[in-house]
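Novice: One structure, as structure tokens, below. Some questions next.
Just so it is clear, none of the values below were taken in a lab; they were calculated from the coordinates. Owing to the predicted nature of the structure, the values given are computational and were not obtained by experimental measurement. Here the Cβ is made from the backbone with ideal geometry for all residues, glycine too, and neighbour counts use every protein chain on show.
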Amino acid sequence: MADALDLEVFIQHFETETYAETHKVSIQLAARELRYEWFQDVAAQLKFDYILTAHHADDNLETLLINLTRGTGIDGLIGIPEINGNIVRPLLKYSRETLETYAKTQDIKWREDSSNASTKYLRNKLRHEVIPILKEINPQLLQNIAQTISHLNDTADIVEESVAAVLKRAIKSMDEHAIVYNIEAFIKLNNPKAYLFEVFKAYGFSEWNDVESLLTAQSGKQVYSATHKLLKNRGTLILTALVSEDTPNDILITSEDKTIETEQGLLFFEEVETRAVPGKHEIYVDAQTLKFPLIVRHWKKGDYFCPLGMQGKKKLSKFFKDEKLSLLDKEKCLLLCSQDDIIWVINHRADDRFKVTKQTRKLLKISFQK
């Protein structure tokens with residue numbers, strides 16, 4: 001057909017089963033993710049403005065019913081969007097029957113995917129066993145569903161505007177690590193649970209009673225989704241992405257290293273002749289007290305250090321509490337260590353054991369930059 005129309009055709013093959021197993025998703029979802037990613041790659045390479053797909057009104061009905069059976073909010077009931085970024089579905093308002101009739105009258109041949117006949121997939125089961133009964137009960141089913149979806153889209157616009165107004169009041173701060181929400185902004189609402197659903201559904205949360213209970217829970221209470229964590233910290237909710245378990249925690253630093261990249265920023269090591277008044281993001285130490293390799297790591301239970309300028313030891317857990325650090329701040333906090341001894345609770349406090357004295361012959365300036 002491409003030859004007859006003097007058009008290019010592009011064909012791609014995927015290891016769908018391997019992808020599905022690796023990403024822990026169904027075969028159908030794996031196939032969808034792979035092909036759409038490829039569509040976008042081809043569009044970018046060839047500078048195409050749009051990607052057109054052949055979804056039709058029956059596809060829209062099937063999607064709505066799938067979402068309805070699994071449980072969903074208004075977004076799951078508005079069906080397949082006609083325009084979504086650079087993806088456009090020009091046939092969405094036509095039924096499968098209308099398209100088949102047109103193809104036959106125009107003598108257009110098409111191929112039927114053999115998997116469409118199998119009822120082992122939920123979509124096909126609905127297509128072959130449920131929707132025909134619904135159409136028999138109501139011959140105007142597709143038209144009525146299309147009208148309902150149109151009304152729901154209008155409602156979704158109102159909801160989006162309302163949620164945006166709430167977020168404007170609720171978000172206290174936002175950076176690449178976390179979003180902090182003011183709990184009071186949710187408590188003042190007539191229906192906090194509904195707004196919590198709209199705000200946090202995109203982050204994979206599903207236990208909405210647990211999410212709502214965070215508003216009145218004790219500080220430190222947490223709720224998890226597969227990808228994110230929501231933490232109650234005093235008068236705020238803190239949203240963060242979960243860190244992969246295979247992320248390396250410890251970083252080794254040799255005496256030759258001058259710059260080290262950590263998950264929070266860069267550490268710089270510089271031999272200097274004199275000491276200035278250190279800022280919050282830097283310390284000066286006696287280089288001869290260090291035992292290499294140094295280690296950058298997260299804190300763990302039982303850690304202690306000797307805060308600069310104080311007598312004796314102090315547990316890090318007590319230090320964090322005195323500093324009023326949130327659970328998130330504690331999790332993010334990095335330590336610079338010489339073997340088992342903490343040199344610096346980075347950006348918070350240096351250890352007295354490595355301080356510069358009158359006997360110091362070799363000064364080392366250590367600074368941190370986010």
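Novice: Between beta-carbons, use under 13 Å as the cut-off and find the net charge around LYS193, counting Lys and Arg +1, Asp and Glu -1.
Specialist: Numbers: positive: LYS201; negative: GLU198, GLU207, ASP210, GLU212.
Neighbour charge sum, excluding LYS193 itself: -3.
Novice: FRET efficiency for ASP250 and GLU273, Cβ-Cβ distance as r, R0 = 30 Å, nearest 0.05?
Specialist: Values: r = 32 Å, r/R0 = 1.06.
With a Förster radius of 30 Å, E is 0.40.
Novice: Counting other C-beta atoms within 10 Å, which of LEU214, LEU252 has the fewest, and how do the rest follow?
Specialist: Least crowded to most crowded, the residues run LEU252, LEU214.
Novice: P(r) tail for the range 251-369, what percent of Cα pairs lie past 20 Å?
Specialist: 38 percent
Novice: Still on this structure, I have one more. Under 12 Å between alpha carbons, and skipping anything fewer than 8 positions from LYS201 in its own chain: which aspartates and glutamates qualify?
Specialist: Result set, ordered by chain and number: ASP75.
Novice: Hey, another quick one. Binned at 10 Å from 0, what are the whole-percent values of the Cα-Cα distance distribution for the chain, short to long?
Specialist: Percent of pairs per bin, in order: 4, 16, 20, 19, 16, 12, 8, 4, 1, 0.
Novice: Distances over 16 Å make up what percent of all Cα-Cα pairs in the range 184-287?
Specialist: 70 percent
Novice: Do you know the relative contact order of the chain, to the nearest whole percent, from alpha carbon pairs under 8 angstrom that are 6+ apart?
Specialist: Once normalised by length, the contact order is 10 percent.
Novice: State which entries of LYS47/LYS104; LYS291/LYS355; LYS291/LYS315; LYS93/LYS168 exceed 26 angstrom in Cα-Cα distance in the structure shown.
Specialist: The answer is LYS47/LYS104; LYS93/LYS168.
Novice: So what is the orientation-averaged projected area of the range 2-118, using the convex hull of its C-alpha atoms, in nm²?
Specialist: Seen from a random direction, the Cα hull of the range 2-118 projects 9.6 nm² on average.
Novice: Could you give the distance between the Cα centres of the range 269-288 and the range 19-52, to the whole Å?
Specialist: Centre-to-centre (Cα) distance: 51 Å.
Novice: Of the trypsin sites (Lys or Arg not before Pro) in the range 5-68, which ones lie in a loop per DSSP and count no more than 10 other C-beta atoms within 10 Å? It would help to have the intermediate numbers written out before the result.
Specialist: On the way: sites: LYS24, ARG32, ARG35, LYS47; in loops: LYS24, LYS47.
Passing both the DSSP loop test and the Cβ count: LYS24, LYS47.
Novice: So which residue, out of VAL223, VAL88, VAL163, gets the largest mean-square fluctuation from a GNM of the chain using Cα contacts under 10 Å as springs?
Specialist: Fluctuation is largest for VAL88.
Novice: For ASN86 paired with TRP208, estimate the spin-label separation in nm (one decimal), with each label point 7 Å from Cα along the Cα-to-Cβ line.
Specialist: If labels sit at ASN86 and TRP208, their model points lie 3.5 nm apart.
Novice: I've got another one for you. Which is the longest run of the chain containing none of the GluC sites (Glu not before Pro) found in DSSP loop states (not H, G, I, E, B) with at most 16 other C-beta atoms within 10 Å?
Specialist: Value returned for the longest uninterrupted segment is 16-81.
Novice: A further question follows. Please arrange VAL272, VAL277 by counting, for each residue, the other beta carbons lying within 10 Å of its beta carbon, fewest first.
Specialist: Placing the least packed residue first, the sequence is VAL277, VAL272.
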